[in-house]
Amino acid sequence: MEGSIFQYDFIVKGLLGAVFASITAGIIGTYIVTRKMVFLSGGITHASFGGIGIGYYAGINPVAGAAVFGILSALGIEYLSIHHRIREDSAIGIMWAFGMAVGIIFIYLTPGYSPNLMSYLFGSILTVTTADIVALGIMSLILCIYFGAFYRTILYTSFDESFARTYSAYVDIFKYITTSLVALTIVLNIRMAGVILVLSLLTIPPNIAMLFTRRYSNIIFFSVLSGFTGTAAGYFISYFAGIPVGATIIFTLVIIWILVKVIIVTVKYFK
Amino acid sequence: MESLSASYGTNIVLEDVNFRVSEGDFIGVIGPNGGGKTTLLKIILGLIKPVSGEIIFNPDLSGSCAIGYLPQISTGDLSYPVSVTDVILSGMMIRKRIITRMSKEDRKKAAGIIEEMGLSGMGRSSLSELSGGQLQRVFLGRAIIGDPKLLLLDEPGNFVDSTFENDFYEKLKELNKRMAILMVSHDIGMISAHVRSYACVNRKLNYHPSSEISNEQLLAYGCPIQLITHGTVPHTVLKQHN
């Protein structure tokens with residue numbers, strides 16, 4: 001009996017996690033891929049590891065620490081590049097390494113054994129809590145409302161920022177808000193895929209979608225769909241095969257990308 | 001615009017500029033590189049605050065005195081997943097600062113602009129499928145969808161191929177019936193056939209109400225300027241100063 005309850009809990013958690021991870025990663029992934037800010041997102045991801053380390057050391061929730069670190073580094077990079085204080089790619093490179101360094105120093109300073117460290121680097125089902133799922137669910141809701149209400153403003157300001165800036169004083173505010181949402185989405189998805197692999201969870205689905213559609217809203221839709229397929233499949237395969245979940249998800253997503261590509265090439269060949 | 005000055009740091013770019021644009025004007029803004037032509041446009045657009053002086057809009061037009069703008073080069077990412085219709089609709093930002101939903105009216109208007117720009121059937125195309133001339137007409141469409149009273153063009157000759165040039169100026173002539181046009185160009189040979197008057201900018205601004213420039217007027221700029229006259233045979237003479 002206990003086994004079946006555990007099984008039920010495991011399936012619900014897996015499916016809900018996959019739904020929310022794919023919604024958040026699909027929307028934000030489309031934004032960062034089309035705006036060509038994948039490298040920036042990589043910087044945010046690794047910078048947030050500093051927050052995880054400090055969270056461990058101070059005994060607070062590492063995800064909260066990561067969120068603070070992620071948002072601050074994201075806003076810092078955007079601010080510096082808007083005001084041309086430093087080259088953006090240099091700023092990202094510095095934040096990237098600095099966050100990892102801070103994270104490692106504080107985890108080393110934390111007394112005792114840190115069993116969850118690997119789960120933060122590569123993701124793990126066992127450490128995904130109900131609170132994590134709830135947080136991802138809330139994030140999905142926020143993103144759907146925000147992108148639903150301001151779809152066109154987001155689309156136009158990211159297509160031609162300088163034109164939008166000519167007419168609207170709100171361009172920078174939108175940029176800061178959206179960048180903060182990028183950071184939050186990344187941090188929450190670290191629980192699923194881990195620091196090292198989470199970026200692919202955001203970037204592979206939009207690239208699968210862009211193989212066959214060029215419409216922004218379609219890219220989001222198919223990103224969520226392919227993201228869900230990859231995440232759910234990866235989650236269950238990893239459980240039964242006993243391999244790390246993050247790696248399994250990414251592996252599955254790349255296989256989907258290859259399959260779609262092959263199908264498209266074949267269809268074109270026989271047309 | 002009254003006794004307006006602008007500077008970048010201590011470097012004065014425009015000095016004591018007095019200038020008036022009225023309905024139906026088609027003004028060519030000419031002058032040497034670095035003479036302040038683009039700065040003039042940026043001031044009109046409100047991107048740069050003047051050091052002194054002010055811009056006065058006709059109060060009768062306030063509310064509808066939006067300014068359309070065709071930038072010097074396309075700043076948009078051409079591989080971005082937006083359709084022609086999307087780009088033209090984005091010109092509604094001239095009126096609404098934050099765009100939420102598009103009304104049916106807006107869409108109808110965009111369809112009309114697509115027709116007017118000779119882009120029928122391309123509403124759903126992505127930008128990477130278009131030629132240079134088509135792209136420019138998309139961005140011109142974006143500049144005028146908000147029904148501006150004043151249209152600013154920054155070096156429109158720069159990114160159009162010559163086959164579309166005549167086409168493009170024909171379009172401008174039609175638009176001129178609905179809005180005043182201020183066109184920046186260093187290639188006065190090309191624009192001389194189209195504009196009705198000139199504003200010469202080289203730190204100071206001199207306005208010439210006709211499309212002819214006299215010898216004396218040229219002397220005011222202290223720089224080599226092409227001289228154009230309209231006669232029975234149009235001819236161009238290069239004048240050298242000092």
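Rule-based calculations on the coordinates, nothing more; no lab input. Not measured: the values here are computed from a predicted model. All Cβ positions, glycine included, derive from the backbone under ideal geometry; neighbour counts span all protein chains shown.
In table form, for the structure just shown:
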quantity: Listed peptides B:108-115, B:46-53, A:61-68, B:138-145 by packing density, highest first (mean Cβ within 10 Å); calculated: B:138-145, A:61-68, B:108-115, B:46-53
quantity: Karplus 3J(HN,Hα) series, Hz, for segment A:19-31 with 6.51 cos²θ - 1.76 cosθ + 1.60 (x for Gly, Pro); calculated: 4, 5, 4, 6, 5, 5, 5, x, 5, 5, x, 4, 4
quantity: Cβ-placed point charges (K, R +1; D, E -1), dipole of segment A:2-196 about Cα centre in debye, nearest 20; calculated: 280
quantity: Segment A:140-208 shape via C-alpha gyration tensor axes, a/c threshold 1.5; calculated: prolate
quantity: Which of A:Leu75, A:Leu181 has the fewest Cβ neighbours within 10 Å, and the rest in rising order; calculated: A:Leu75, A:Leu181
quantity: Tensor-based shape of segment A:60-142 (alpha-carbon gyration tensor, a/c under 1.5 rounded, otherwise prolate or oblate); calculated: oblate
quantity: Within-10-Å neighbourhood charge of B:Val184 [Cβ basis; K, R +1; D, E -1]; calculated: -1
quantity: Selected from A:Ile104, A:Thr157, A:Thr130, residue furthest toward positive end of dipole (segment A:2-196; charges at beta carbon); calculated: A:Thr157
quantity: Test item: B:37-50 mean partner chain Cβ contacts at 10 Å; calculated: 1
quantity: Helix-only CD estimate at 222 nm, as mean residue ellipticity for chain A, using -39500 (n - 2.57) per DSSP H run (n ≥ 4); calculated: -28500 deg cm²/dmol
quantity: Nonlocal amide H pairs with B:Phe26, under 5 Å, H built at 1.01 Å; calculated: B:Ile181, B:Arg196, B:Ser197
quantity: Under the Karplus curve 6.51 cos²θ - 1.76 cosθ + 1.60, θ = phi - 60°, whole-Hz ³J(HN,Hα) for segment A:55-62, x wherever Gly or Pro sits; calculated: x, 4, 5, 7, x, 9, 4, x
quantity: In sequence order, calculated HN-Hα J values of segment A:235-245 (Karplus, 6.51, -1.76, 1.60; Hz; x Gly/Pro); calculated: 4, 6, 4, 4, 5, 6, 8, x, 10, x, 5
quantity: Computed lengthening from A:Thr130 to A:Val265, 0.36 nm per intervening residue step minus Cα-Cα distance; calculated: 44.4 nm
quantity: Shape of segment A:2-196, Cα gyration tensor, a/c cut at 1.5; calculated: oblate
quantity: Förster radius 22 Å - calculated FRET efficiency between B:Arg107 and A:Leu211, Cβ distance, rounded to 0.05; calculated: 0.20
